[in-house]
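Chemist: Please see the structure below; I have some questions.
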């Protein structure tokens, strides 16, 4: 199992919702889509790469073959997928502390939702309904979401700066260069691997060290 | 409800896994799928590195849904939990029902660059062209996959398994992956350059900058750059 890929963590949560209240949830999501200001709280959680909510009607589980038994469920289900930086606790707690109302709004109609405050029942609710990821892939395991956003700013600024880099005297260049760095203070900063970047990276590294005789019990 | 947000696409796939087991290996199909995906973790890097435009993706097996046995915060739950003198049949009636799936599902959830039109077909065809061997290996135990034999039939099959997102939130960047990787490379290199060139005269700094720009080629997304899934510097 691997919920971690570099600096990203994959969370999967599935929760039941009564079919006759699922449409209320869909309406809430639709309003959130139409009025993006309702998602302002989420945007402040800059540790999120991507997140999504999917509601599956109790009769909407894919049925592809006559030999496949048809599902016979009492409830519809809400799936939540998130990609974020940091630990499970940091993420869940940041939701609770930053947007408790938003969280309650999205999960309110789910069966036996505990509410986001107090913390302990909310932790239990998420843990109980969470599914472990088997394989998680991240195209940029060395980067956090803020690195990716910052990198775009750096790239755009550098390309713009370079257009006039050869104009003027050396002293003027230096002045502009310093201005460039000052402007990018929040976005610069180099990236390094986390101790375990991915389970595969960890295993490959372990095998490499074992073969090199650097690991206890390894080949001498 | 939409799977598209800006240029990013949220692909959610639930493929039903066949019930039954592989006799020779004495392993259930769902466990075999699980085993194969676990095996991907032991490779030098994920096969998904080869699939163009994939930002992040995950695979897991949905064995069953959960019965909510923990107390919730709703008024009815609290009422029935707290008042033991309420007749048992009333209290039992207030308890959540137990649901069970009849099939296990292979879940593939992916975020990729699909452009403003959300071209999921192009992505799925690209996925097939890049890793069809792996796809056949894993999806081969799913219902309906027998009809898949090329990129077009794979895209058709996947769209039958697709679910629509009710809300898709993009907290990151939705540019093409090669642009994002190039930007990360530039961020890393510019930070190193800034540190290494502190306190130099304007003339030397400018000359060094010229060499730097020539080396990093900011406007060229293809090289030099970071590669997808790169976990070592």
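The values are calculated or read from the model by the stated rules, or taken from the named source; none is laboratory data. Source: prediction; values computed, not measured. As a convention, Cβ positions derive from the backbone with ideal geometry for all residues, glycine included, and neighbour counts pool all protein chains shown.
Chemist: Report yes if residue B:135 is closer than 24 Å to residue B:64 by Cα and either touching a helix residue (DSSP H, G or I) at 6+ places or on another chain (Cβ under 6 Å) or assigned to a helix (DSSP H, G or I) (or both), otherwise no.
Modeler: yes
Chemist: Then there is this: In segment A:31-61, what count of residues is obtained for those that are facing chain B (nearest Cβ under 7 Å) and either part of a strand (DSSP E or B) or farther than 24 Å from residue A:141 by Cα (or both)?
Modeler: 13
Chemist: When you scan segment B:57-76, how many residues do you find that are out of contact with any helix residue (DSSP H, G or I) (no Cβ under 9 Å at 6 or more places or on another chain) and closer than 30 Å to residue B:173 by Cβ?
Modeler: Looking only at that region, the number is 2.
Chemist: Which one of the conditions (1) more than 7 Å from every other protein chain (Cβ to nearest Cβ); (2) without any contact (Cβ under 8 Å) to a residue 40 or more places away in the chain does residue A:130 fail to meet, given that it meets all the rest?
Modeler: (2)
Chemist: Looking at this structure, is residue A:192 within 10 Å of chain B (Cβ to nearest Cβ) and within 30 Å of residue B:113 (Cβ to Cβ)?
Modeler: When the stated conditions are applied, residue A:192 passes them.
Chemist: Looking at residue A:121, is it over 23 Å from residue A:40 (Cβ atoms) and either facing chain B (nearest Cβ under 8 Å) or touching a helix residue (DSSP H, G or I) at 6+ places or on another chain (Cβ under 6 Å) (or both)?
Modeler: Spelling it out, residue A:121 is indeed over 23 Å from residue A:40 (Cβ atoms) and either facing chain B (nearest Cβ under 8 Å) or touching a helix residue (DSSP H, G or I) at 6+ places or on another chain (Cβ under 6 Å) (or both).
Chemist: A further question follows. Identify the residue in segment B:213-229 that is in contact (Cβ under 8 Å) with a residue 12 or more places away in the chain and at the interface with chain A (Cβ under 10 Å from one of its Cβ atoms) and, among all such residues, is surrounded by the fewest Cβ atoms within 10 Å (Cβ to Cβ).
Modeler: Result: B:227.
Chemist: Another question, if that's okay. How many residues does segment B:106-127 contain that are away from chain A (no Cβ under 14 Å) and surrounded by 21 or more Cβ atoms within 10 Å (Cβ to Cβ)?
Modeler: So the count comes out to 1.
Chemist: So, one more: Of (1) touching a helix residue (DSSP H, G or I) at 6+ places or on another chain (Cβ under 9 Å); (2) at pLDDT 85 or above; (3) not assigned by TED's automatic domain parsing to the domain that holds residue A:47, residue A:219 satisfies all except one. Which?
Modeler: Single failed check for residue A:219: (2).
Chemist: Among the residues of segment B:196-211, write down those that are facing another protein chain (nearest Cβ under 7 Å) and under 44 Å from the mean Cα position of the chain (by Cα).
Modeler: Selection gives B:205, B:206, B:209.
Chemist: Report, by residue number, each residue of segment B:140-152 that is within 13 Å of another protein chain (Cβ to nearest Cβ) and either free of Cβ contacts under 8 Å to residues at least 24 places away in the same chain or not in a strand (DSSP E or B) (or both).
Modeler: Of everything in segment B:140-152, those that are within 13 Å of another protein chain (Cβ to nearest Cβ) and either free of Cβ contacts under 8 Å to residues at least 24 places away in the same chain or not in a strand (DSSP E or B) (or both) turn out to be B:141, B:143, B:144, B:145, B:146, B:147, B:148.
Chemist: While we're here: Being modelled with pLDDT of 75 or more and assigned to a loop (DSSP other than H, G, I, E, B) narrows it down to one residue among A:186, A:178; which is it?
Modeler: A:186
Chemist: Can you confirm whether segment A:155-174 contains a residue that is facing chain B (nearest Cβ under 10 Å), in a helix (DSSP H, G or I), under 22 Å from the mean Cα position of the chain (by Cα) and closer than 30 Å to residue A:38 by Cβ?
Modeler: Looking through segment A:155-174, none of the residues is facing chain B (nearest Cβ under 10 Å), in a helix (DSSP H, G or I), under 22 Å from the mean Cα position of the chain (by Cα) and closer than 30 Å to residue A:38 by Cβ.
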